[in-house]
Structure formats: structure tokens, C-alpha cells
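Below is one structure; the comments refer to it alone.
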Amino acid sequence: MSYLDIDNLSVTLPHGQGYRHVVKGVSLTLNKGEILGIVGESGSGKTMTCSALLSLLPAGAHRTADRLQLDSLDLTSVSPASVRGRLISMISQDPAAALNPVFTIQAHIDAVLKQHTDKNRHNRRTAVLELLDAVGLPDPLRVSKRYPHQLSGGMQQRAVIAMALSAGAQVLIADEPTTALDVSVQAKILDLLQSLRHNLALSVLLVSHDLAVIAQVCDRVVVMLNGEIVETGTVQSVIQAPHHPYTKALLAASPARHQRGNPLPTVASSYLNSGFDHD
Ligand SMILES: Nc1ncnc2c1ncn2[C@@H]1O[C@H](COP(=O)(O)OP(=O)(O)OP(=O)(O)O)[C@@H](O)[C@H]1O
Ligand SMILES: [Mg+2]
């Protein structure tokens, strides 16, 4: 059985006098220790799908689902506060925004441990250092005393991942976690996600608009377009034999498929060439 099981998830947002359907019947599963990619163009509903799991939707949003289940727990029947951080955590592309500039890294993680565990001060201190070590930060003691602005973007993202895992979440939603980082740092954060899934059996939903990122770390991928999943499969099968015209267009626009020196096609121009009708 899948660890996370989402069946027929829909989200509507208020729009003018009515509503707009931004997630339309999304069904997906995530196994323990698996990294599932969600790829799709801007506005296709990737973030809304993830936010719906944590009940972090904009005001007035309405969520429905036939099933939202984590292990044997029905996520629709428990309070959002008991899910966030404890069962599922979410990180985004801007680690600085997740950190408060006036608190040290130690204080950030300590606050989460205080809220979610009954560890005493000494044990929390030890736990902070262990978490910083687990996310590959060198010299955890030194890093723990730093303020966010004293760390590089990559180190900040590692600290945010440590914070996200500190209350025991077994599912990490990483929404474009490397988009704001330079390429060499991106690869290291992706390596970290790989090692966390191996070492902690962490399950990861990795949102990206970059198929090269998905190809590097994911086992399976779902492709979203206009709030719907239009294609799903193993990364290998989707890349080698895409079915949906949008996936084909996305692949055609992926730098990995193109030789250096040639201009990159845009997805939009590939649509036109393939005759795909984008509504
Ligand atoms: N806070 C919000 N209020 C109103 N509409 C929103 C809000 N956030 C997103 N939307 C709309 O919901 C739809 C889905 O957006 P979503 O953020 O899930 O897209 P996405 O696939 O994550 O895009 P991106 O790649 O740009 O992050 C879009 O049409 C978007 O305009
Ligand atoms: Mg998004």
C-alpha cells in the first residue's frame, strides 16, 4: 500500500463572483522512501496541490477529495496543526523567507522541538546538532550559533530542511527547492534529498518546472497542466516515451535534449509545432 494516497483532490478559489477550479481531480501516490516529481508550467496547480495537503490554501479556497491518506491516517479527519511539521513538512524556493533574521539557527530549530516534542533543553540542544549534521552542514555547533544572513543560500536551505524534519515529518514537500540557488549548489541539495530518502526513508514530493532536476533524483513523475495530471510514470518511461503532447513539448524544450550552441525552443513554440491545443 502507498504511504501517501491522494485520490480525486480538487481545489477551487474564489474568483470574481464565482469560483475557479485550480486543482481538478488530482490523484497520486507516494511510497515510503520514494521521490515523486511534480512537473508542469507556471500556474498549473503544483503548489496548490501541495498546499492542499497541509490545508495551507488562500482564504476562501475550497478543498475536496475522495481520499487524503497518510499511512493509515485520514488527513481530512485530523487538525491541520497535527499534520504540519509532525507528519508532512513543506519547504519552498526561498529559504531566507522561512527564516527569521533576528533568530539564530539554533533558536529556529529549538522552537519547533519545543512545540512538538517533550525534550528538555539539553536534549533539544543535542537534537539540533544532530539535525544540522543530518542535513550535511559542516561544524553543526558553529552553524547553530549563526544568524540566517551569515549563511549562504545553500546552507540556509539545508537549515530549513533540518527545521522541516525536526518534528518528525516523514513526508517532505519540496516546492522548487533549488530554483533560487546556483547550479552547483542545486546539485548538492538534490544529493541531500537523495541521502535523506536513503538514510531516513523520507518520502519526498519534489515540485519543479525543470525536467533535468526531476530526472536527476525522482523515481516517478507526474506532469500537471491546467490543474490536472496529464501524464504519470517512471521518470525513465516518461522521458523516453512521453505520451501527452505537453510532456513532449516540455522535453523538447529541456536543455538536456539540445546540443550546445543551438537556440532553445520554448514550450509555447513547441506547442504550435506539435499542433497541441492549449486551452
Ligand atoms: N494566493 C492565491 N490567490 C489566488 N489565486 C492563486 C493564489 N495562488 C495561486 N493562485 C492561482 O492558482 C493557480 C495554480 O497556481 P499554483 O501556484 O498552484 O501554480 P504552480 O504550478 O505552483 O505555478 P509556479 O510554477 O509558477 O509556482 C494559478 O492560476 C494561480 O494564479
Ligand atoms: Mg508553485
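A search for C-beta distances below 7 Å between a residue of segment 200-216 that is closer than 14 Å to E34 by Cα and part of a strand (DSSP E or B) and any residue that is away from ligand 1 (no atom under 16 Å from the Cβ) and among the small types (G, A, S), counting only pairs 6+ apart in sequence or on different chains, returns S203/G33.
For segment 1-19, filtering for residues that are within 20 Å of P80 (Cα to Cα), surrounded by 15 or more Cβ atoms within 10 Å (Cβ to Cβ) and either more than 9 Å from ligand 1 (Cβ to nearest atom) or polar (S, T, N, Q) (or both) leaves 7. Considering segment 20-47, the residues that are free of Cβ contacts under 8 Å to residues at least 40 places away in the same chain and either outside any strand (DSSP E or B) or surrounded by fewer than 16 Cβ atoms within 10 Å (Cβ to Cβ) (or both) include one that is nearest to ligand 1 (Cβ to nearest atom), namely G43. Within segment 152-185, the set of residues being within 16 Å of ligand 1 (Cβ to nearest atom), polar (S, T, N, Q) and either at positive phi or buried (at least 18 other Cβ atoms within 10 Å of the Cβ) (or both) comprises just one member, T178. Taking segment 84-103 as the range and being buried (at least 17 other Cβ atoms within 10 Å of the Cβ) and either of a type in the set (V, I, T) or not in a loop (DSSP other than H, G, I, E, B) (or both) as the test, the residues that pass are R84, I88, S89, M90, I91, P95, A98. Going through (1) of a type in the set (A, V, I, L, M); (2) assigned to a loop (DSSP other than H, G, I, E, B); (3) within 16 Å of ligand 2 (Cβ to nearest atom) one by one, A169 falls short only on (3). In the list A61, A65, A52, A81, which residue meets the criterion of being surrounded by fewer than 20 Cβ atoms within 10 Å (Cβ to Cβ) and modelled with pLDDT of 95 or more? Being surrounded by fewer than 20 Cβ atoms within 10 Å (Cβ to Cβ) and modelled with pLDDT of 95 or more holds for just one of A61, A65, A52, A81, which is A61. Taking into account only those residues within segment 201-229 that are within 13 Å of ligand 1 (Cβ to nearest atom) and surrounded by fewer than 19 Cβ atoms within 10 Å (Cβ to Cβ), which is farthest from I6 (Cα to Cα)? Step by step, filter segment 201-229, then rank; the result is D210. Within segment 83-110, the set of residues being among the hydroxyl-bearing types (S, T, Y) and touching a residue at least 60 places away in the same chain (Cβ under 8 Å) comprises S89, S92.
Matching residues to (1) of a type in the set (S, T, N, Q); (2) farther than 30 Å from P245 by Cα; (3) in contact with an Asp or Glu (Cβ under 8 Å, 6 or more places away or on another chain); (4) modelled with pLDDT of 95 or more:
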{"site": "H149", "(1), (2), (3), (4)": "no, yes, no, yes"}
{"site": "Q157", "(1), (2), (3), (4)": "yes, yes, no, yes"}
{"site": "D175", "(1), (2), (3), (4)": "no, no, no, yes"}
{"site": "D182", "(1), (2), (3), (4)": "no, yes, no, no"}
{"site": "S195", "(1), (2), (3), (4)": "yes, yes, no, yes"}
{"site": "H198", "(1), (2), (3), (4)": "no, yes, no, yes"}
{"site": "V213", "(1), (2), (3), (4)": "no, no, no, no"}
{"site": "L225", "(1), (2), (3), (4)": "no, no, yes, yes"}
{"site": "E231", "(1), (2), (3), (4)": "no, no, no, yes"}
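Need the failing condition index for T47 against (1) closer than 28 Å to V135 by Cβ; (2) touching a helix residue (DSSP H, G or I) at 6+ places or on another chain (Cβ under 6 Å), just the number. Condition (2) is where T47 drops out. Annotation: D94 fulfils all but one of (1) under 22 Å from I229 (Cβ atoms); (2) within 16 Å of ligand 1 (Cβ to nearest atom); the unmet one is (1).
Report yes if S51 is under 20 Å from the mean Cα position of the chain (by Cα) and either within 16 Å of ligand 1 (Cβ to nearest atom) or among the aromatic types (F, W, Y) (or both), otherwise no. Answer is yes for this residue.
The values are calculated or read from the model by the stated rules, or taken from the named source; none is laboratory data. Model, not experiment: these values are computed from the prediction. Positions of Cβ are generated from backbone atoms using ideal geometry, with glycine treated the same way; all protein chains shown enter the neighbour counts.
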